[in-house]
Amino acid sequence: MVGPILLRRLLLQPPPSSAARVCISAFHNWRSYATTETFHEDREKRGEKWFTLPPFTATINGSALGKELSRNRSYGRDVITKTATTSTTSTTTTALKWVTRCCPELPRSLVQKLFRLRQVRRESCDMECSGEGVEALERPLKRVAAKDSMNVGDRIHLPISVQEFPNDKQELPTDKKECRCSEEEVTFIRSLELYKDPAIIVINKPPGMPVQGGIGIKRSLDELAAACLSYDFSEPPRLVHRLDRDSSGILVMGRTQTSATVLHSIFREKTFGASNDVIDDAKRILQRRYWALVIGSPRQRQGLISAPLGKVVVDNGKSDRITIVNDSQTLPSQHAITKYKVIGSPCPGYTWLELTPLTGRKHQLRVHCAEVLRTPIVGDYKYGWQTHRNWKPLAWSNNECNSDEEFPKTKNLPFDLNMESGSVSEKNPRLHLHCKQMVLPNVNLALQNVKLHSDSDLSELESLELVAPLPSFMQRSWNITNS
């Protein structure tokens, strides 16, 4: 019997030429997962017919990797070099998770039923050293429970009848059907891309489009991304953070389950680090900078806002809003920190701010601007409704555009989106809040390094710097206030 380290090396080596093996990627078409080996053919001759999944391989612990990337920048290089070997290269995977990962088109309810009926088998992998090399030993199939942990090299065998499950997407239940988009809509969604690699995809979210579905929402970015931005990936892009419906800017999605888990962990650690006074830009691995046009001007040109936020129910329970929670109040609250600085105030009564959220709370920037700085964001009727009651459009002296009629009100964009109207020169301005810049670690490179070398040093990992242009109405407001 060989040790686990030698076993791992042997599993990574190409198979001997004498053993016929057909192994097709486990993440593209589940009908192609069956592998062919000599001792499997012997089992078929004995009447034992199974649908065999690829051998289990160790997976990367995305949550641990995300934490290590964050700790590396926040607490120094030594932490990551000491913990990378044990925490990121392995994570416990159950038999149920492995089956659903290999066969994404099998209904989860069917897979769970097979486990309940004890119709799933596992073949453990053992190696034996001989004079001619190392040979895999055939092991008897044993029943496996859904929660049993998988070991490297284990194979799962399902009843051969699962191959008869329909693969036609039209036969899937209604709630499982893909979001259908026209060619024009697909082209528009893909035109929003700012960056793409095998791990993440980044888009410039347009204002007015919800990120997630809900009551009264016909189209949301998460389902549109699944229909238009999957490309040749078998998995749809996954959300890892959110933007308000009326805000715009950089939105990051994970292209695989592992990369999404890494990004989720990084965003969580960002909030945790800020709560522990790690607010230095040089130490934060994730940095987001928003541009906002506010009404009025803060007393200081830059500063740090630290004010807890809580949710209150209004309109007899019909809606809710976020507010600052004082120590004397009994409402549950969450710590929220925002850095701000003035980037322009050429027009009296208006100021352009750069806002950097160090925590990720709902409506954090909007509440901090309205209730702490007393400078509500232009177009924020929820938290700045009193200021907007006396709103007067800002006149623009530019001869080329001196009336509302000359502004393009509509542009034939898919999903009834309008990127043109809503500047400060109009009666009903839109929310002027845009995620302009983002710095985050190169997750794709981190995953490649960990796969190649489990003890790789991630302390010098490069970062991605992303920039999203302003939507048309905000660009027009910038031009007006700076004219």
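Is it fair to say ASN390 is out of contact with any His (no Cβ under 6 Å at 6 or more places or on another chain) and either closer than 30 Å to GLU185 by Cβ or modelled with pLDDT of 80 or more (or both)? It would help to see each step written out before you state the result.
Working: out of contact with any His (no Cβ under 6 Å at 6 or more places or on another chain): yes; either closer than 30 Å to GLU185 by Cβ or modelled with pLDDT of 80 or more (or both): yes.
Against the criterion (out of contact with any His (no Cβ under 6 Å at 6 or more places or on another chain) and either closer than 30 Å to GLU185 by Cβ or modelled with pLDDT of 80 or more (or both)), ASN390 qualifies.
What about GLY249, is it more than 10 Å from the chain's Cα centre (by Cα) and part of a loop (DSSP other than H, G, I, E, B)?
No.
Here's a check for you: in segment 211-226, which residue that is over 16 Å from the mean Cα position of the chain (by Cα) and either small (Gly, Ala, Ser) or assigned by the TED database to the domain that holds PRO357 (or both) is surrounded by the fewest Cβ atoms within 10 Å (Cβ to Cβ)? Can you show your working first?
To start, the set of residues in segment 211-226 that are over 16 Å from the mean Cα position of the chain (by Cα) comprises 214-219.
Of the ones still in play, those that are also either small (Gly, Ala, Ser) or assigned by the TED database to the domain that holds PRO357 (or both) are 214, 216.
Working: GLY214: 9, GLY216: 6.
Here the residue is GLY216.
Check whether at least one residue in segment 181-203 is modelled with pLDDT under 85 and over 15 Å from the mean Cα position of the chain (by Cα), and report yes or no. If you could, list the steps in order and put the result at the bottom.
Initial filter on segment 181-203 (modelled with pLDDT under 85): none.
Checked segment 181-203: no residue is modelled with pLDDT under 85 and over 15 Å from the mean Cα position of the chain (by Cα).
Kindly indicate the residue of segment 135-151 that is more than 22 Å from LEU117 (Cβ to Cβ) and out of contact with any strand residue (DSSP E or B) (no Cβ under 7 Å at 6 or more places or on another chain) and also modelled with the highest pLDDT among those meeting that condition. Let's see the steps before the verdict.
Going residue by residue through segment 135-151, those that are more than 22 Å from LEU117 (Cβ to Cβ) are 135-139, 151.
With the extra rule that they be out of contact with any strand residue (DSSP E or B) (no Cβ under 7 Å at 6 or more places or on another chain), the set shrinks to 138, 151.
Details: GLU138: 57, ASN151: 85.
Checking each candidate, the answer is ASN151.
On the basis of being within 24 Å of PHE267 (Cβ to Cβ), modelled with pLDDT under 90, of a type in the set (S, T, N, Q) and in the same structural domain as SER421 (by the TED database), does SER328 make the cut?
It is false that SER328 is within 24 Å of PHE267 (Cβ to Cβ), modelled with pLDDT under 90, of a type in the set (S, T, N, Q) and in the same structural domain as SER421 (by the TED database).
Go over the candidates GLY349, GLY317, GLY379, GLY344 one by one and state the one that is open to solvent by 50 Å² or more (accessible area, probe 1.4 Å), of a type in the set (Gly, Ala, Ser) and in the same structural domain as ARG288 (by the TED database). Spell out how you get there, then give the answer.
Numbers: GLY349 fails: open to solvent by 50 Å² or more (accessible area, probe 1.4 Å); GLY379 fails: open to solvent by 50 Å² or more (accessible area, probe 1.4 Å); GLY344 fails: open to solvent by 50 Å² or more (accessible area, probe 1.4 Å).
Checking each option against the conditions leaves just GLY317.
Just for segment 257-287: of the residues that are β-branched (Val, Ile, Thr) and either on the phi > 0 side of the Ramachandran plot or part of a helix (DSSP H, G or I) (or both), which one is modelled with the lowest pLDDT? Talk me through it step by step, then tell me what you get.
First pass over segment 257-287, keeping only residues β-branched (Val, Ile, Thr): 258, 261-262, 266, 271, 278-279, 285.
Subset that is either on the phi > 0 side of the Ramachandran plot or part of a helix (DSSP H, G or I) (or both): 258, 261-262, 266, 271.
Working: THR258: 87, THR261: 89, VAL262: 89, ILE266: 88, THR271: 66.
The qualifying residue modelled with the lowest pLDDT is THR271.
If you check every pair at least six apart or on different chains, which have Cβ atoms under 8 Å apart with a residue in segment 149-167 that is part of a helix (DSSP H, G or I) first and a residue that is modelled with pLDDT under 90 and among the aromatic types (Phe, Trp, Tyr) second?
Hits for this filter: ILE160/TRP50; ILE160/PHE51; VAL162/PHE51; GLN163/PHE51.
Considering only residues that are modelled with pLDDT of 85 or more and part of a helix (DSSP H, G or I), look in segment 77-101 and name the one that is most open to solvent (accessible area, probe 1.4 Å).
As a first pass, look at segment 77-101 and keep what is modelled with pLDDT of 85 or more: 94-100.
The next check asks that each one be part of a helix (DSSP H, G or I); those that pass are 95-100.
Working: ALA95: 0, LEU96: 25, LYS97: 111, TRP98: 10, VAL99: 0, THR100: 38 Å².
Looking at the filtered set, the residue picked out is LYS97.
Go through segment 228-253 and count every residue that is touching a residue at least 60 places away in the same chain (Cβ under 8 Å), open to solvent by less than 50 Å² (accessible area, probe 1.4 Å) and at negative phi.
Counting residues in segment 228-253 that are touching a residue at least 60 places away in the same chain (Cβ under 8 Å), open to solvent by less than 50 Å² (accessible area, probe 1.4 Å) and at negative phi gives 9.
Does segment 298-314 hold any residues that are part of a loop (DSSP other than H, G, I, E, B) and open to solvent by less than 80 Å² (accessible area, probe 1.4 Å), and which are they? Quick ask: steps written out before the conclusion?
Filtering segment 298-314 down to residues part of a loop (DSSP other than H, G, I, E, B) leaves 298-301, 307-308.
If the condition is that a residue be part of a loop (DSSP other than H, G, I, E, B) and open to solvent by less than 80 Å² (accessible area, probe 1.4 Å), then PRO298, ALA307, PRO308 are the ones that fit.
The values are calculated or read from the model by the stated rules, or taken from the named source; none is laboratory data. Just so you know, these numbers come straight off a predicted model, no measurement behind them. Note that we place each Cβ from the backbone using ideal geometry, even for glycine, and neighbour counts take in every protein chain shown. Ligands, DNA and RNA are stripped out before the accessible areas are found, and what is left, the full protein with its side chains, is counted by its heavy atoms. Shrake-Rupley method; radii C 1.70, N 1.55, O 1.52, S 1.80 Å.
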